[in-house]
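Taking it in order: structure first as structure tokens, then the write-up.
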Amino acid sequence: MRKFQLHDGKQGAALTVRVTPRARKTEVGGVLEDGTLRVRVAQPPVDGKANKALLTFLARVLGVRKNRIEIVAGNKGLDKIVSVTDLTAREVESRLNAWLEKG
């Protein structure tokens, strides 16, 4: 079982994500040593396309609607903090692990 860097918030969970834009395909690239989730996205970091792709992909992975996920820090950088509303950190971790095991 992988250990993610997750935190419970007032209305959900927050996770740290490192994005790699312009990848061959959009996928989870693993978990870094500090618990940061690495996600590769096919879209370029132009006009917010990579950020939109990230949110769409995470919504699919976590099984939530896109309006339940938002980037709360790091809009312009590769390292981001993503908020997931209505899920606890434990639920997010469980869903991420299930996705990674499916692989």
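Structure values in brief
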{"quantity": "Meets criteria (crowded, with 17+ Cβ neighbours inside 10 Å and touching a Lys or Arg at 6+ places or on another chain (Cβ under 9 Å)) for Lys25", "calculated": "no"}
{"quantity": "Looking only at the range 37-56, and only at residues there that are buried (at least 18 other Cβ atoms within 10 Å of the Cβ) and among the polar types (S, T, N, Q), the one that is farthest from the chain's Cα centre (by Cα)", "calculated": "Gln43"}
{"quantity": "Residue count for the range 57-103, restricted to those that are assigned to a helix (DSSP H, G or I), at pLDDT 90 or above and loosely packed, with under 15 Cβ neighbours inside 10 Å", "calculated": "3"}
{"quantity": "Selection count, the range 5-33, where residues are part of a loop (DSSP other than H, G, I, E, B), modelled with pLDDT under 75 and out of contact with any strand residue (DSSP E or B) (no Cβ under 6 Å at 6 or more places or on another chain)", "calculated": "2"}
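The values are calculated or read from the model by the stated rules, or taken from the named source; none is laboratory data. Quick caveat: nothing in here was measured; it's all calculated off a predicted structure. Heads up, the Cβs are rebuilt from the backbone with ideal geometry, glycines too, and the neighbour counts pull from every protein chain shown.
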